[in-house]
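Worksheet for the structure shown next.
The values are calculated or read from the model by the stated rules, or taken from the named source; none is laboratory data. The model shown is predicted, which means the values in this text are computed figures rather than measured ones. With ideal geometry, Cβ positions are generated from the backbone for all residues, glycine too; neighbour counts draw on all protein chains shown.
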Amino acid sequence: MKPEETVDYHFKVCWHAISRMYNAEAVQNDITTSIGFVLLNVDQQKGTPATKIASLLGLEARSLTRILKSMEEQGLIYKVSDPSDKRLVRIFLTEKGLEKKEVSRQTVKQFNLKVREEIPQKDLDVFFKVCERIQGMIENKEIF
């Protein structure tokens, strides 16, 4: 079987293309794609527990710790201990973080609008359904 005949090949190649595109935009704004995704997942009103961010983005705790440290050094976030549970740390965005979050939001929004202009909704519906089924198969250990 040729690589281009496998399902995972198409996911990987497409995701790498999207990732390169997002990285090119992120670099122009002095952030990374990973930082942009973290920014998009922080609730500025309540703060977001660091542990929740890791699970939302599918990151290992160590990777997220590195990203958060970098974000703190860049002045994008600050951390606050939860008053009711001192073990829990909530992440908030600084003014600079809010600005970069808006850039990230606009980038994702623009990509999605362009895709939706070019690809019919019925095709997207099939794509989403296939992705959900594959993810379900993996989560339910139906593959191996």
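Considering only residues of region 89-112 that are surrounded by 11 or more Cβ atoms within 10 Å (Cβ to Cβ), among the basic types (Lys, Arg) and at pLDDT 95 or above, which is nearest to TYR78 (Cα to Cα)? Here the answer is LYS96.
Of all the listed residues (VAL13, VAL42), the sole one being among the β-branched types (Val, Ile, Thr), within 30 Å of ARG133 (Cα to Cα), surrounded by 13 or more Cβ atoms within 10 Å (Cβ to Cβ) and out of contact with any Asp or Glu (no Cβ under 8 Å at 6 or more places or on another chain) is VAL42. Of all the residues in region 113-126, those that are exposed (fewer than 11 other Cβ atoms within 10 Å of the Cβ) and within 21 Å of TYR22 (Cα to Cα) number 4. Per the conditions (1) within 28 Å of GLU139 (Cβ to Cβ); (2) in a helix (DSSP H, G or I), the sole criterion not satisfied by LYS69 is (1).
Against the definition (over 20 Å from HIS10 (Cβ atoms) and assigned to a strand (DSSP E or B)), how does LYS79 come out, yes or no? The answer is yes for LYS79. Would you check if GLY136 is in a helix (DSSP H, G or I), exposed (fewer than 11 other Cβ atoms within 10 Å of the Cβ) and among the small types (Gly, Ala, Ser)? When the stated conditions are applied, GLY136 passes them.
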